[in-house]
């Protein structure tokens, strides 16, 4: 089965730099097949017979051993990625295609009270919608000025999250 690994906090602002050729080699050394990387933000597409939970443990342990530091990894299957794109929730918002759109990949499904708290922050400039273990975010602001840029998802939902923009989310699930 095809899986996607989203690494949190690598190649951001010059910190924890991993060359994509090195990342590909690490995943191949862990025994994964048909390994491809996508852009510099720590995205890996690969094939495995393992299930998501086992993949998370294996990739995090393998990366820690190879890199010498811990990296949180969020795993999604090809079916999950296709569903994320298909269920895009903002089509009825006027001008949505001109906004910055992001997907937060969550380590687990948050508690409903915490979801309500995050979604209650939505306003005319910024919207949050949690679906399962993903957060859709639409913003008319730039990243630095948005709540997303202030790490609000992890603060409110109390789960590990790594974010990718909508273009990356769409493109990676097609490679």
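Highest-first packing order for the peptide set 52-61, 114-123 is 52-61, 114-123, based on the mean count of other beta carbon atoms within 10 Å.
What whole-number distance in Å separates the alpha-carbon centres of the stretch 119-156 and the stretch 1-66? That distance is 26 Å. Helix 52-67 axis versus longest C-alpha principal axis of the chain: approximately 70°, rounded to the nearest ten.
Estimated from helical segments only, the mean residue ellipticity of the chain at 222 nm is -9000 deg cm²/dmol, where each DSSP H run of four or more residues counts as -39500 (n - 2.57). Taking 137, 96, 15 in turn, the Gaussian network model of the chain (Cα-Cα springs below 10 Å) assigns the largest fluctuation to 15. Each residue of the chain gets 113 Å³ once the volume of the Cα convex hull is shared out per residue.
With springs only between Cα atoms under 10 Å apart, run a GNM on the chain and tell me which of 79, 29, 124 wobbles the most. Judging by the Gaussian network model, the answer is 124. Within the listed set 69, 88, 136, the residue fluctuating most in the Gaussian network model of the chain (springs between alpha-carbon atoms under 10 angstrom) is 69.
For the stretch 2-78, the pair-distance distribution built from all alpha carbon pairs, in bins 5 Å wide starting at 0, is 3, 17, 32, 30, 13, 4, 1 percent.
When Rg and the Kirkwood radius Rh are both evaluated on Cα atoms of the stretch 49-91, their ratio Rg/Rh stands at 1.16. Cα extents for the stretch 87-172 along the principal axes, largest to smallest and rounded to whole angstrom: 31, 29, 25. Here the contact order of the chain, divided by its residue count and restricted to Cα pairs under 8 Å and six or more residues apart, works out to 22 percent. Counting 0.36 nm for each residue step from residue 155 to residue 120 and taking away their Cα separation leaves a gain of 11.2 nm.
For the chain, the longest principal axis of the alpha carbon atoms and the long axis of helix 20-29 meet at an angle near 60°.
Any read-out appearing in this document is the output of simple, stated calculations on the displayed coordinates, not a laboratory observation. These figures come from a predicted structure and were not determined experimentally. Reconstructed Cβ throughout: ideal geometry from the backbone, glycine too, with neighbour counts over all protein chains shown.
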